[in-house]
Amino acid sequence: MNVNKNEVWTLAEVRNKDIHPVSRELLAWGRELADSMGAPLASVLIGCGISSKAEELFPYGADKVYVIDDPSLEYFLCDSQVNILEDLVNRFSPSILIASATTQGRTVMPMLSARISCGLTADCTELSIDPGSGKLIQTRPAIGGNVMADIKTRGRDPQMCTVRPKSKRPLCPDISRKGELINVSPSANLPASALTYLGFTPETSIGLPIQEAEIIISGGKGMKNSKNFAKLEELARLLGGTVGASRMAVDLGWAPYSAQVGLSGKSVTPRIYLAFGISGAVQHIAGMSGAETIIAVNHDPEAPIFRVADLSIQGDALEILDGLIDSLKKRQQ
Ligand SMILES: Cc1cc2nc3c(=O)[nH]c(=O)nc-3n(C[C@H](O)[C@H](O)[C@H](O)COP(=O)(O)OP(=O)(O)OC[C@H]3O[C@@H](n4cnc5c(N)ncnc54)[C@H](O)[C@@H]3O)c2cc1C
């Protein structure tokens, strides 16, 4: 096995014994860094019965995949993953470790960083290599999204960060790309998990989770109340989309947190993003500006959302929503 201490690592994720799409997005982030460092890019794949899936990561940019495949890893238990990652970092000394800011990444990475005394920058929006020092520059919004801060990790490697899911598209797969598959057995003395897996209850919402949706119908405080907000669900059903929300709408209890788009919610990159009664605060824009087409409805001609919208509709959100629902229903009939 070829151990190179400058390796860039990404933490692949597994759901239901399949590689989760964020794993491919992470490789797009990692590939750029590895290329500018002249270093290999490796993915770490931890799970049960997943060895046969590891090769799927090569076409998306991985040079190597470290696979830890063990029956004890059937379910995601945070402390088990941290124990394994600590062991791997100590054995292989990667230079950079990138994870996705999913529930998994957001729980594993802080615990790992405390365990191995390495810095961690969460929710980066840009990553690059400083040509002078060769260090990782981790860029992320700070002070409520009003400034972009460049952060470098002090002290020992790995330099660790998380990036938002859907903040980069996976590379175009190159099926001729091959790589090195490394099956790693965890060190014998690793402690067993202190956690017990009880079960998994999927969230019941209309359509796909917002991060996977191609069409998102979002609402803000301009929707006035929860009854009006429910109309967004009707439109989502008619268009085959998913309902999103501003933080204000979530704080008012009109939508669950899982629907929140923005800096402290989720980043989304749908084909179409419809915003009803959302002002367009920087923290909201930070999560949806990557949408292909943004359609905004607001009665205030000065609403900041119009600055990023491809189609700006000045008018009453409720009237326009009702009109759209009616005409779509008629068309369906
Ligand atoms: C650290 C931090 C993190 C944050 N994270 C997020 C985040 O992740 N996501 C997020 O969304 N926000 C976030 N915020 C909050 C953000 O600053 C805004 O407060 C929030 O986005 C405003 O939500 P809104 O647009 O629904 O409400 P408002 O700003 O109150 O806007 C309501 C809009 O509706 C319009 N309107 C009213 N009535 C009608 C009508 N009848 N027809 C048409 N238009 C109408 C108004 O003109 C107005 O533009 C964060 C803030 C901080 C400080």
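Just so you know, the averaged projected area of the alpha carbon convex hull for the chain sits at 19.2 nm². Distance between Cα centroids, the range 197-239 to the range 107-164: provide it in whole Å. Cα centres, the range 197-239 to the range 107-164: 32 Å.
You can think of it this way: the chain between ASN225 and ASN90 has 43.3 nm of extra reach, that is 0.36 nm per residue less the Cα-Cα gap. Report the local net charge at SER100: Lys and Arg +1, Asp and Glu -1, summed over other residues whose C-beta lies under 11 Å from its C-beta. Local net charge: +2. Under 5 Å from the amide H of THR125 lie the amide H atoms of THR139, ARG140, each residue being 5 or more positions distant or on a separate chain, with H modelled from the backbone and absent for Pro and chain starts. Shown for the range 117-203: the carbon plus sulfur share of the solvent-accessible area, taken with all protein chains present and a 1.4 angstrom probe, equals 56%. GNM remark for the chain: springs join alpha carbons under 10 Å apart, and the peak mean-square fluctuation among ILE143, ILE278, ILE215 falls on ILE143. Per residue, the accessible area of the chain comes to 48 Å² when a 1.4 Å probe rolls over the protein heavy atoms.
When only the Cβ of Lys, Arg, Asp and Glu is charged (+1, +1, -1, -1), the dipole of the range 8-183 relative to its Cα centre reaches about 360 debye. Counted without the sites themselves, the longest stretch of the chain free of GluC sites (Glu not before Pro) in a DSSP loop having at most 14 other beta carbon atoms within 10 Å is 75-202.
How large is the dipole of the chain about the Cα centre if only Lys and Arg carry +1 and Asp and Glu carry -1, each at its Cβ, rounded to the nearest 20 debye?
Roughly 220 debye, rounded to the nearest 20.
Beta-bridge orientation, the chain: approximately 20 percent antiparallel, per DSSP, counting only bridges with both partners inside. Rounded is the label for the range 215-332, because the ratio a/c of its alpha-carbon gyration tensor axes (a ≥ b ≥ c) stays below 1.5.
Remark: the PHE200-GLU74 segment gains 44.1 nm on full extension, using 0.36 nm per residue and subtracting the alpha carbon distance.
Against the main long axis of the alpha-carbon atoms of the chain, helix 226-239 sits at an angle near 70°. Put a dot 7 Å past the Cα of LEU181, heading toward its Cβ, do the same for ARG307, and the two dots end up 5.1 nm apart. Helix 317-332 axis versus longest C-alpha principal axis of the chain: approximately 90°, rounded to the nearest ten.
The values are calculated or read from the model by the stated rules, or taken from the named source; none is laboratory data. Quick caveat: nothing in here was measured; it's all calculated off a predicted structure. With ideal geometry, Cβ positions are generated from the backbone for all residues, glycine too; neighbour counts draw on all protein chains shown. Just the protein is used for accessible areas: all its heavy atoms, side chains included, with ligands, DNA and RNA removed. Shrake-Rupley method; radii C 1.70, N 1.55, O 1.52, S 1.80 Å.
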